Amino acid sequence: MAASYATCDSISPSCPVEATTYGYYPNLAGNIIFVVVFGVAALFQLGFGIFFKTWTFMIALAMASLLEMAGYVGRIIMNSNPWHDGAFKLQIVAIVLGPTLVAAAIYLTLKHLVLFIGEEHSRIRPHLYTWIFISCDVGSLVLQAAGGGVAAAAGRKDPKMLEAGNNIIITGIAFQVFTMSMCGLLGLDFFIRAFRNGAFSTTSATTEKTRSWRAFKWFCAAEGLAYTTVLIRCIYRIPEMAGGWGNKLMQNEKEFLILDATMIAIACISLSVFHPGIWFPPMRTGYQRDISD
């Protein structure tokens, strides 16, 4: 009988590591590092979010960081037992969903960026950025959650069910790439129009903008970096998932750690170090009221 999650629960001569989905023992040191990084990022987001009252941003990034941390805890467990079914399911769902919430946090800032620079430079109204892209992100999240749930429930016991879950995940990720690409194009168009119209000149800025301008530029750079890394990760996941469970790309841990784990870690770190509560105060709840008092 062929080794499978239906017949194997630990490594043995009849259940070798090569027969598992990933075909390797997840690297212990590397996965511990990512657990620590995402755990620290979650603490930073909770602390900064409560202190600066960036509630929605905090919820999205803290949940994303906690999900990523949980996913790499699952991979640590799989280091000692690659056949551990619960750990396999945990890391599937958590690592699939975490980046979607990072993307949501990025979308949340776009409306505030447009309002700060000047909505006259935008092709759509500021609030539509939130409604359109967050709604699409929720749709992507639902698809990936459903696919991850189906795949996790199937494990390796039901190949047809596993393939169905895989296809749902691919659809969700592809939709996420499309959504992020449209958001990026609209954002780039907005910044180009604003630059051409002189919106970035301090001589044309209000006193409030002049005080915040330098920090604001650093914040924009951090947002751009986070956007780019999340997009890279999502693009990588399409061919990884499209090859089917246990394909050659999926069994390449080095590429996974670079193009998935590291990309999302960079995004979470940049959005923590350059937190809007410090670098972009207009995102704080009650900020306009506070500066007018």
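Would you please name the residue that is farthest from N247 (Cα to Cα), looking only at residues in the stretch 36-54 that are surrounded by 19 or more Cβ atoms within 10 Å (Cβ to Cβ) and of a type outside the set (S, T, N, Q)? Ranking the qualifying residues of the stretch 36-54, first place goes to F52.
Residue count for the stretch 179-192, restricted to those that are over 15 Å from the mean Cα position of the chain (by Cα) and either under 17 Å from L143 (Cβ atoms) or exposed (fewer than 15 other Cβ atoms within 10 Å of the Cβ) (or both): 5.
Just to be sure before I move on: is L108 closer than 30 Å to R193 by Cα, within 23 Å of the chain's Cα centre (by Cα) and surrounded by 20 or more Cβ atoms within 10 Å (Cβ to Cβ) in the structure I sent? The answer is yes for L108. When G155 is tested against (1) at pLDDT below 85; (2) within 27 Å of T56 (Cβ to Cβ), only condition (2) is not met. Would you call R75 touching a helix residue (DSSP H, G or I) at 6+ places or on another chain (Cβ under 8 Å) and either surrounded by 23 or more Cβ atoms within 10 Å (Cβ to Cβ) or in a helix (DSSP H, G or I) (or both)? When the stated conditions are applied, R75 passes them. Applying a threshold of 7 Å to beta carbon distances and a minimum spacing of six or more residues, or different chains, the list of pairs starting in the stretch 11-36 at a residue that is farther than 14 Å from I77 by Cβ and in contact (Cβ under 8 Å) with a residue 24 or more places away in the chain and ending at one that is among the charged types (D, E, K, R) and surrounded by 16 or more Cβ atoms within 10 Å (Cβ to Cβ) reads T21/R156; Y24/E253. Look at the stretch 233-258: where a residue is modelled with pLDDT under 95 and a partner is of a type in the set (S, T, Y) and not in a helix (DSSP H, G or I), sitting 6+ places away or on another chain with Cβ atoms under 6 Å, you get W245/T21; G246/T21. Summed over the stretch 46-94, the residues that are within 20 Å of the chain's Cα centre (by Cα) and either under 18 Å from G149 (Cα atoms) or of a type outside the set (S, T, N, Q) (or both) give a count of 30. Here the condition is being farther than 18 Å from I95 by Cα and at pLDDT 80 or above; of G187, G139, G165, it holds for G187 alone. In the stretch 142-174, of all residues being under 20 Å from I106 (Cα atoms) and buried (at least 19 other Cβ atoms within 10 Å of the Cβ), the one that is farthest from the chain's Cα centre (by Cα) corresponds to L143. Among the conditions (1) crowded, with 17+ Cβ neighbours inside 10 Å; (2) of a type in the set (A, V, I, L, M); (3) within 29 Å of Y227 (Cβ to Cβ); (4) free of Cβ contacts under 8 Å to residues at least 40 places away in the same chain, A60 misses just one, which is (4). Return a yes/no flag: does the stretch 81-90 have any residue that is in a helix (DSSP H, G or I), modelled with pLDDT of 90 or more and buried (at least 23 other Cβ atoms within 10 Å of the Cβ). Within the stretch 81-90, one or more residues are in a helix (DSSP H, G or I), modelled with pLDDT of 90 or more and buried (at least 23 other Cβ atoms within 10 Å of the Cβ).
Residues in the stretch 121-141 that are of a type in the set (S, T, Y) and surrounded by 20 or more Cβ atoms within 10 Å (Cβ to Cβ): S122, Y129, S140.
The values are calculated or read from the model by the stated rules, or taken from the named source; none is laboratory data. Owing to the predicted nature of the structure, the values given are computational and were not obtained by experimental measurement. For neighbour counting, all protein chains shown are included, and Cβ atoms are generated from backbone atoms with ideal geometry for every residue, glycine included.
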